[in-house]
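Report on one structure; see the data block that follows.
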Amino acid sequence: MDRCAPELIAQAAPLRFGTVHSSSELEAVYRLRYRVALARGWAKEEDFPEGLEYDGFEGRAITVAAWNEECLAGTVRLVLPVDGELLPTEEAFGLRIEPVGLVGD
């Protein structure tokens, strides 16, 4: 995957990708996730009254955004493993993903 990533990113031009750090970028990501969750029927407006889709896993996630000039075009996050804590998929489905502590979600 590491060898493929630069080529895949180049093919996605003019999108630019980067990790999200600022609070304004995070807010834009959470607003986009909210809009997508509503559009796909994964959530209801009352589930996220602030119009922001986020959860308790954000503090240990690496969030990546795709930008088309100044417009947020997409986002993905990788939740890192923490000893003694479940990953989102583990929590949602009541399972353990092996090898425990070495897998992100």
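The values are calculated or read from the model by the stated rules, or taken from the named source; none is laboratory data. Note that this is a predicted model, so its numbers are computed, not measured. In this analysis, Cβ positions are derived from the backbone assuming ideal geometry, glycine residues included, and neighbour counts consider all displayed protein chains.
The set of residues in the range 53-82 being over 12 Å from the mean Cα position of the chain (by Cα), loosely packed, with under 15 Cβ neighbours inside 10 Å and modelled with pLDDT of 95 or more consists of 56, 68, 71, 82. Under the condition of being assigned to a helix (DSSP H, G or I) and touching a residue at least 12 places away in the same chain (Cβ under 8 Å), which residue from the range 87-105 is surrounded by the most Cβ atoms within 10 Å (Cβ to Cβ)? My answer is 90.
State whether the residues of the range 32-51 include one that is aromatic (Phe, Trp, Tyr) and in contact with a helix residue (DSSP H, G or I) (Cβ under 7 Å, 6 or more places away or on another chain). There is at least one residue in the range 32-51 that is aromatic (Phe, Trp, Tyr) and in contact with a helix residue (DSSP H, G or I) (Cβ under 7 Å, 6 or more places away or on another chain). Only residues that are under 14 Å from the mean Cα position of the chain (by Cα), at pLDDT 95 or above and not in a helix (DSSP H, G or I): list them for the range 18-41, please. Passing the criteria: 18, 19, 20. Against the list (1) without any contact (Cβ under 8 Å) to a residue 24 or more places away in the chain; (2) surrounded by 14 or more Cβ atoms within 10 Å (Cβ to Cβ); (3) farther than 13 Å from residue 105 by Cβ, the condition residue 49 fails is (2).
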